[in-house]
1. Keeping all protein chains in place and using 1.4 angstrom, which order do Ile443, Ile551 fall into by accessible surface area, from largest down?
2. Quickly work out the Leu420-to-Ser98 label distance, labels modelled 7 Å from Cα along the C-beta direction, and quote it in nm with one decimal.
3. Can you give the charge dipole size of region 19-138 about its Cα centre, rounded to the nearest 20 debye, using +1 on the beta carbon of Lys and Arg and -1 on the beta carbon of Asp and Glu?
4. Holding the Cα-Cα limit at 31 Å, pick out from Lys43/Lys241; Lys284/Lys527; Lys284/Lys445; Lys43/Lys124 the pairs that are longer than that.
5. Describe numerically, in nm with one decimal, the distance between label points set 7 Å from Cα along Cα→Cβ at Glu436 and at Ser552.
6. I need to check one value: relative contact order of region 19-138, counting alpha carbon pairs closer than 8 Å and at least 6 residues apart, in percent.
7. Could you check the spin-label model distance between Arg467 and Lys527? Points 7 Å from the Cα along Cα→Cβ, value in nm.
8. Along the charge dipole of region 19-138, which of His20, Ser66, His101 sits closest to the positive end, that is, farthest toward it, with unit charges on the beta carbon of Lys, Arg, Asp and Glu (+1, +1, -1, -1)?
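The values are calculated or read from the model by the stated rules, or taken from the named source; none is laboratory data. What you see is a predicted model; the values in this text were computed from it and never measured. Cβ coordinates were reconstructed from backbone atoms using ideal geometry, including for glycine residues, and neighbour counts include every protein chain displayed. To get the accessible areas, we keep the full protein, side chains included, count just its heavy atoms, and leave off ligands, DNA and RNA. Shrake-Rupley method; radii C 1.70, N 1.55, O 1.52, S 1.80 Å.
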Amino acid sequence: MSTKSHHLIQRGQIPEACSHLIDFRSKHGSQPFRVLQKCLRVKPLGRAEIRRDPLEVPRCASCGISARSRLYACVTCAAVFCHSAESSHASAHAELMSPGHEIAVDVDRAELFCCACCDQVYDKDFDASVVLAQTAAASTLGGGSMIRVVAPPENMRKRRRVEYRPWTPDPKEQLLMRKSSSVLKSDEGESSNSLPWGLRGLNNLGNTCFMNSVLQALLHTPPLRNYFLSDRHNRYLCQQKTNISNGSVGNDNNKNSKLCLACDMDAMFSAVFSGDRMPYSPAKFLYSWWQHAANLASYEQQDAHEFFISMLDGIHEKVEKERGKPQSQGNGDCCIAHRVFSGILRSDVTCTACGFTSTTYDPCVDISLDLEPNKGGSTKNSSKSHHTYNGEAESMISGQHSGISTLLGCLDRFTRPERLGADQKFFCQQCQVRQESLKQMSIRKLPLVCCFHIKRFEHSSSRNMSRKVDRYLQFPFSLDMSPYLSSSILRSRFGNRMFTFGEDESDASNELPAEFELFAVVTHTGKLDAGHYVTYLRLSNQWYKCDDAWISQVSESIVRAAQAYMMFYVQKVLYFKASEKS
């Protein structure tokens, strides 16, 4: 249903009937809709679709695509065409052909659609055919294309928690395995082309590549993956606690309570790491996120970084409600989201008149970095010159001298002293007046996983316009964060006079190792309002491209040339432990 029709119904007004559907009915009657009943197929969950053959993969007759856009079959001539907000071959077909080709049917949803009005339409005879097919499928057990009885996904009974112990076979079990097992024979070359465990495509549910790209990175974040796969968050127990607190025990359809994002993450981890290679549809997670972020609940393209922050806030908000009091994000103990991604930034504002320094600490789950100013090197030449170097360190050093933006340069820019303008004077407690000052940022505490967000979208308030920065960014696969720690920056400022470190600054900086490894890169291609997100994953030192439902193996050079938007670095110790297990 279109937005216009939805608003009319909300106001109590009945939308006008489609004139094209009325003309079609006057000429052909209901016979074409009844003929379509032979092509109706019912999926296991009860949704109807249009297929002449159960294994048919419909494609647009004009461009040949079979996904990304909705596909519609003309009721008059049965030709299949695509339709989206940007372009519509279905509408073009209706205009080119003689009158009578305006009415089509959605091949994946079995819903009528007017290609001239670009809106869904309703016909009682067609709806009756769909209901009849669904009823027949529900009453038939396991026959052909009919619906099958699906067993419950998991046992809903309360499970007893037991301490985890690694299993080792005893002598009897070893003897049984040697007698009863045989080596699996694989096709030639299959082992080299097989995907790692847990690498599974995610279906695009309608401009949801922003969500799929971030979810792919989170599904393969080692600490997050270990947490959910070890049943640290049991979605069934969590649901029971929610029902008890809401006073709705035994009622699983409580619509007044928000769904738990952590529960949906747990279900997604179970599905992705089940061994099934078919693309997974994160529809339930999308619905839960829409409930949490109602202002972003639409099928429009959203920002991947905004989704990442909103999703972590949703998990954190659930923990706050359960514990009944706000939890500090900086200590990393409040929830799994902040245990993995939460760090602490230190901000020093120094008075230029008397030298008094005001220090504040702020928790963060990511670090947003400005691209270095363009020093004259073109984007195209920078990208080409990067591939001429074999050594990563040599490439990074050369990039800093040739005008190419680098991640190290962005971090240097983030942590260097900045003189605040005259309109940003701060009140000096020692001078008791507003003074000009110097501000310097540093990292007091590193998280287990560092997420860097590159500010590629700029907004000019004077011109009232936004634009995307397509400048190439060079980034290392191994990253040493020690130069950007508060202890290192304060030592360079004050020398080895350790009394300048306040509140156990040196201890806080040395809690975790400072060496990180890159394991995920989220990229954005296209324009500001019409782009596409893709994720590159590094698993066992091999890179894979995750483009919604499509997974492919790529080389390092492809990743290095990508236009990075978000980068995920994990502690080197955790990365190599994860690589050994996978």
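1. Numbers: Ile443 5, Ile551 40 Å².
Ranked list, largest accessible area first: Ile551, Ile443.
2. Distance between label points: 7.7 nm.
3. Details: 14 positive and 14 negative charges, 83 e Å.
Here the size comes out at about 400 debye.
4. Values: Lys43/Lys241 33 Å; Lys284/Lys527 29 Å; Lys284/Lys445 35 Å; Lys43/Lys124 22 Å.
Cα-Cα > 31 Å for Lys43/Lys241; Lys284/Lys445; rest within.
5. 5.5 nm
6. Numbers: 192 pairs, mean separation 33.0, N = 120.
Relative contact order for region 19-138 comes out at 27 percent.
7. With each label point 7 Å from Cα toward Cβ, the separation is 1.4 nm.
8. Comparing the listed Cα positions along the dipole, Ser66 ranks first.
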